[in-house]
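The structure appears below as C-alpha cells.
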Amino acid sequence: AQRLARKLPVPGIDSIRQTWWVMAVLADDPEALVGMMWREGFDATRACSLKPVGKVTLPHGQRMLDHLVFLPFEMAMPAGELDRMVRLVLDSDVSAPVWSVPGQTGCNSDSAGLRQQQL
C-alpha cells in the first residue's frame, strides 16, 4: 500500500488496522488500470456496491467512486506476485485522478476530507 501510494491515492491507507483482501486505489483511467491488471493475470475490478450518502459528501463521494479500482491483496498472495503487481502499477502510464496528488494529504482544496498517506 505504501509503495502504491507514491503514484495513486490509496483510500483507507491511514487505517490503524488494515485487514484487506483487496486494495482500493484511485486512477485517472480506471478501465485502463483494470485492463492492464487482467492482461498480467491479476483479478482487478471496479465492481462495488458502495454509494455516496448525503448532500455534503455526494459530489466528492461519487467522484471518488468513479475512479475506484480494487487490486487483489491478501496474505496468501506470494510476495513475488505482490511485488510484480506493484511494479506494474508504478512503471505504468496510469496516473492519479487530476483532482488528487499522490503523496500529499488530501486530494485538493475541496476534497471534503479525502486523505491519503504522506510519504
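Coordinate-derived values only; no laboratory data. Computed from a predicted model, the values in this text were never measured in an experiment. Backbone-built Cβ (ideal geometry, glycine too); neighbour counts: all protein chains shown.
A few remarks follow.
- Approximate spin-label separation Asp83-Trp21, in nm, with each point projected 7 Å along Cα-to-Cβ: 2.7 nm
- Residue-by-residue Karplus 3J(HN,Hα) for the stretch 84-94, coefficients 6.51, -1.76, 1.60, Hz, glycine and proline x: 4, 4, 4, 4, 4, 5, 5, 8, 8, 8, 5
- Extension gain, Ala76 to Val53, is 4.9 nm, computed as 0.36 nm per intervening residue step minus the present C-alpha separation.
- Taking label positions 7 Å along the Cα-Cβ direction at both Arg3 and Asp29, the computed distance is 2.4 nm, reported to one decimal.
- Interchain or long-range residues, amide H under 5 Å from Met23's placed H: Leu71, Phe73
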